[in-house]
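Participant: Take a look at the following structure, please.
Read-outs: derived from the displayed coordinates by stated rules, not from any lab. The shown structure was predicted, so the numbers you read here are calculated from the model rather than taken from an experiment. In this analysis, Cβ positions are derived from the backbone assuming ideal geometry, glycine residues included, and neighbour counts consider all displayed protein chains.
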Amino acid sequence: MSLFSQLEELQWKQLQHDEKYHKDIWLLSVQQRITHMTLHLAKYSAKLTVAAIDKDVDEFKKTVIDCLIIIISSANIFNSRIYDIAISEQEQKLETLTDLANLLIDTEQVNAGESELLDFSKRITFNVGKMCKAVESLDHLEPFPFRQSITECLGLCFRVSLASLYTLTDEKLETLFSNRLIPVERKNIFFNRLGNYESGY
């Protein structure tokens, strides 16, 4: 499966998960949905920073997986492909997500004298802060390029999140997502009828 196909499959499965298992959010307006997702990312960016400071690798890994799920869900809200907003033309020639992750680990330089995870968390937090500014500007109807700003930040957060995750694991992203989302889906009383992330919807 090509890099394009892998990313498209992740976005397609996330779209189905959100539609079936998060109706409360799915039925909100686009503005409300992206505000909700931005708040999720703000919550996770704080958790990443604390985990990095505490050197809690397990918590960092769990939280960065959550970040990636929300980033993909948010890209779907804007009808934007991660492939288009997060990956350069040169990187699009890579064959797999693993290849992309390895390249990003090499290119996403860490600031000298700082721990790797803390540097990653700071960069995610910086871009999430810019997303917060964009949704705030939208509330005020300010002359601000909110769509461009948010999708750009989502792309940058995806890159940093993927790089940071693959410094901690070599598991497939789809498997990591499934392990995180299946327990969420099982909470629904119609889990056996709705389908699920692992077997399909």
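Participant: Based on alpha-carbon centroids, what's the gap between the range 23-61 and the range 62-110 in Å, whole number please?
Facilitator: Here the two parts' Cα centres lie 17 Å apart.
Participant: May I pose another question? Throw me the Rg/Rh for the range 3-194, computed over C-alpha atoms with Kirkwood Rh, two decimals.
Facilitator: 0.95
Participant: I would also like to ask the following. Residue farthest toward the positive end of the dipole of the chain, with Cβ of Lys/Arg at +1 and Asp/Glu at -1: which of LEU117, PHE146, ILE85?
Facilitator: Final value for the positive-end residue is PHE146.
Participant: With only alpha-carbon atoms counted, please give the Rg and Dmax of the range 1-42, in Å.
Facilitator: Here Rg and the maximum Cα pair distance are 12.4, 35 Å.
Participant: On to the next question. For ASN196, what residues show an amide H to amide H distance below 5 Å, using hydrogens built from the backbone and excluding near sequence neighbours?
Facilitator: When sequence neighbours closer than 5 places are left aside, the close amide H contacts are TYR201.
Participant: OK, next. Spin-label point model (7 Å from Cα, Cβ direction): what's the PHE78 to LYS43 distance in nm?
Facilitator: Spacing of the two 7 Å Cα→Cβ label points: 2.2 nm.
Participant: Taking a cut-off of 22 Å between Cα atoms, list the lysines near LYS130, but don't count ones fewer than 8 places away on the same chain.
Facilitator: Those lysines meeting the cut-off are LYS43, LYS47, LYS122.
Participant: By how many nm would the segment from THR169 to PHE191 lengthen if fully extended, with 0.36 nm per residue of separation less the alpha-carbon distance?
Facilitator: Length difference between fully extended and current span is 5.0 nm.
Participant: Moving on. Between LYS93 and LYS62, what length comes free when the chain is fully extended (0.36 nm per residue of separation minus the Cα-Cα distance, one decimal in nm)?
Facilitator: Residue separation times 0.36 nm, minus the Cα-Cα distance, leaves 8.2 nm.
Participant: Could I ask something else about it? Given +1 on the Cβ of Lys and Arg, -1 on the Cβ of Asp and Glu, and no further charges, what dipole in debye does the range 3-194 carry about its Cα centre, rounded to the nearest 20?
Facilitator: I would put it at about 700 debye.
Participant: Sort out the exposed loop trypsin sites (Lys or Arg not before Pro) in the chain (DSSP loop, at most 16 other Cβ within 10 Å) and tell me the longest stretch that has none.
Facilitator: 82-171
Participant: Over all directions, average the projected area of the Cα convex hull of the range 41-121 and note it in nm².
Facilitator: Approximately 6.1 nm², given one-decimal rounding.
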